[in-house]
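Have a look at the structure below, then the notes.
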Amino acid sequence: AAKSPEELAIEKEREQLRKLREAERKEQARKDGILLNTYKTERDLIIARDTNLKAAQGQIDISKGNLRLLQTNLEELQKRAANHERAGRKPPEKLVEEMNALNKLIKKKKLHIEKRESDKNELEERFASDLKRFRELKSGRVN
């Protein structure tokens, strides 16, 4: 007997699901191969994690230092502008432009730091996941 449209739809959905699972299985096998070829021991993976995290933190620390310098420069300009105002004068346009430019740079630097910290967190999560998977693969308890 010919299959009903509902049966054909179910069959098609099952086949799509089977293909999706097969693609996921192949992708996991590819990632596992890369993981096992990249790191021979758990210690190698931990060293790589620590090295990468230190480098990421170093970039964050440098950016935070640059941010502090920008903020200090802005504070100096703000003091100069306040001195003009206390003397009853309008701050020079160039001074106002410099303050505006520094404010923009500070905002960009803060966003940059947030992005770097987010990247570092993702790196930590990826290494934690890789370490867990590496241990599973080495112990033979593969899902």
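The values are calculated or read from the model by the stated rules, or taken from the named source; none is laboratory data. Note that this is a predicted model, so its numbers are computed, not measured. All Cβ positions, glycine included, derive from the backbone under ideal geometry; neighbour counts span all protein chains shown. Remember, those area values only see protein heavy atoms, side chains included, never the ligands or the DNA or RNA. Shrake-Rupley method; radii C 1.70, N 1.55, O 1.52, S 1.80 Å.
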What shape does segment 1-83 take by its C-alpha gyration tensor, where a ≥ b ≥ c are the square roots of the eigenvalues and a/c under 1.5 counts as rounded, a/b above b/c as prolate, and the rest as oblate? oblate
Mind ranking 124-134, 41-51 by how tightly packed they are, going by the mean number of other C-beta atoms within 10 angstrom, highest first? 124-134, 41-51
Quick one: give the max-minus-min coordinate of the C-alpha atoms of the chain along each principal axis, largest first, in Å. 96, 50, 16
Too-long pairs where the Cα-Cα distance tops 22 Å, listed order kept, from Lys31/Lys115; Lys64/Lys115; Lys94/Lys115; Lys31/Lys138: Lys31/Lys115; Lys94/Lys115
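Between Arg89 and Ala29, what length in nm is gained on full extension when 0.36 nm per residue of separation is reduced by their alpha carbon distance?
On the way: separation 60, 0.36 × 60 = 21.60 nm, distance 7.13 nm.
Once the chain is fully extended between Arg89 and Ala29, it gains 14.5 nm.
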Sum of side-chain charges, Glu136 neighbourhood, beta-carbon under 14 Å (Lys, Arg +1; Asp, Glu -1): +3
Heavy-atom accessible area per residue - the chain, 1.4 Å, Å²: 77 Å²
Which FRET efficiency value, to the nearest 0.05, do you get for Ile106 and Glu6 by plugging their Cβ-Cβ distance into 1/(1 + (r/R0)^6) with R0 = 41 Å? 0.10
Multiply the residue separation of Lys79 and Ser118 by 0.36 nm, subtract the distance between their alpha-carbon atoms, and state the gained length in nm to one decimal. 10.6 nm
Which aspartates and glutamates have a Cα lying under 19 Å from the Cα of Lys107, excluding residues fewer than 8 positions away in the same chain? Asp61, Glu75, Glu76, Glu97, Glu98, Glu117, Asp119
